[in-house]
Amino acid sequence: MQLTVVVPVYNEESNINALATALIDVLEGNCSFQILFVDDGSTDGSLALLRNLAGKDNRLAFLSLSRNFGHQAALRAGLEAARGECVITMDGDFQHPPSLLPAMIREFQKGFDVVNTKRIESEPGEGARTSLGKRLSAWLFYSLMNSLGEVRIEPGSADFRLLSRKAVKALLSMDERALFFRGAVPWIGFSSSELQYSPGARRSGSSKYSLGKMLSLALDGITKEQRDMGTKI
């Protein structure tokens, strides 16, 4: 089985090396794989580090976007370049735990085209508890999406999922260049399962999604979702 792991990054210089190592550790011996980082116009040393890593290990690759297009556009660019039989998308800040990937692969091997994940709050002393501000912005985001959107999006869902080649092809057939994946993936209707995870602790840096950006993403996602309803798969 050939797996591609797509990781959009924006100013994650201090996380990239450790994440690449952690992903190799959990995937080595499980399958043939490529880890594809998508640099979304970083202004730190992320791109130089990715070039260096890719030059040393052919299992590591990268795309460099000309500017910061945003997380959803970076995800689409990664899916377009991915060649694996299945693709896992995840963030580059360690809040999506690499240790969950083998379980996601096992679900794919059972026959599921989509393996979703759901974030659950950690118990004290386990992983990273979400800040009050982040919980508030997430609550507003899902409330707005589910009150105005056509497709229900489960609270705690994330762009941390596995997609079969068939599911990737269906998503990329949609005309919208910057798909809102949390709405588009359930809409395509493929067989799916769900795994729960506690978010890992962010190693360094801070979240790129403020309250304003979360609300903007929700409104953008609703308008994209309504346009996508008319797209034929």
For segment 82-117, give me each residue that is polar (S, T, N, Q) and open to solvent by less than 10 Å² (accessible area, probe 1.4 Å). T89, T117
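Before we move on, is R161 in contact with a strand residue (DSSP E or B) (Cβ under 7 Å, 6 or more places away or on another chain) and modelled with pLDDT under 95? Walk me through how you get there before you give the answer.
Numbers: in contact with a strand residue (DSSP E or B) (Cβ under 7 Å, 6 or more places away or on another chain): yes; modelled with pLDDT under 95: no.
Considered against the rule, which asks whether it is in contact with a strand residue (DSSP E or B) (Cβ under 7 Å, 6 or more places away or on another chain) and modelled with pLDDT under 95, R161 comes out as no.
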Say we look at segment 56-76 and pick out the residues that are in a helix (DSSP H, G or I) and at pLDDT 95 or above; which of these is most open to solvent (accessible area, probe 1.4 Å)? K56
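Is it true that L79 is in contact with a helix residue (DSSP H, G or I) (Cβ under 6 Å, 6 or more places away or on another chain), within 25 Å of A201 (Cα to Cα) and assigned to a helix (DSSP H, G or I)?
Details: in contact with a helix residue (DSSP H, G or I) (Cβ under 6 Å, 6 or more places away or on another chain): yes; within 25 Å of A201 (Cα to Cα): no; assigned to a helix (DSSP H, G or I): yes.
Here the answer is no, as L79 does not meet what is asked.
Does K213 qualify as being at pLDDT 85 or above, out of contact with any helix residue (DSSP H, G or I) (no Cβ under 7 Å at 6 or more places or on another chain) and open to solvent by 60 Å² or more (accessible area, probe 1.4 Å)? Even if it seems obvious, please write down each step before you answer.
On the way: at pLDDT 85 or above: no; out of contact with any helix residue (DSSP H, G or I) (no Cβ under 7 Å at 6 or more places or on another chain): yes; open to solvent by 60 Å² or more (accessible area, probe 1.4 Å): yes.
Spelling it out, it is not the case that K213 is at pLDDT 85 or above, out of contact with any helix residue (DSSP H, G or I) (no Cβ under 7 Å at 6 or more places or on another chain) and open to solvent by 60 Å² or more (accessible area, probe 1.4 Å).
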Picked from segment 1-55 (must be polar (S, T, N, Q) and without any contact (Cβ under 8 Å) to a residue 24 or more places away in the chain), the residue surrounded by the most Cβ atoms within 10 Å (Cβ to Cβ) is N52
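The values are calculated or read from the model by the stated rules, or taken from the named source; none is laboratory data. Note that the coordinates shown come from a computational prediction; the quantities given were computed from them, not determined experimentally. All Cβ positions, glycine included, derive from the backbone under ideal geometry; neighbour counts span all protein chains shown. All accessible areas refer to the heavy atoms of the entire protein, side chains included, with ligands and DNA or RNA removed. Shrake-Rupley method; radii C 1.70, N 1.55, O 1.52, S 1.80 Å.
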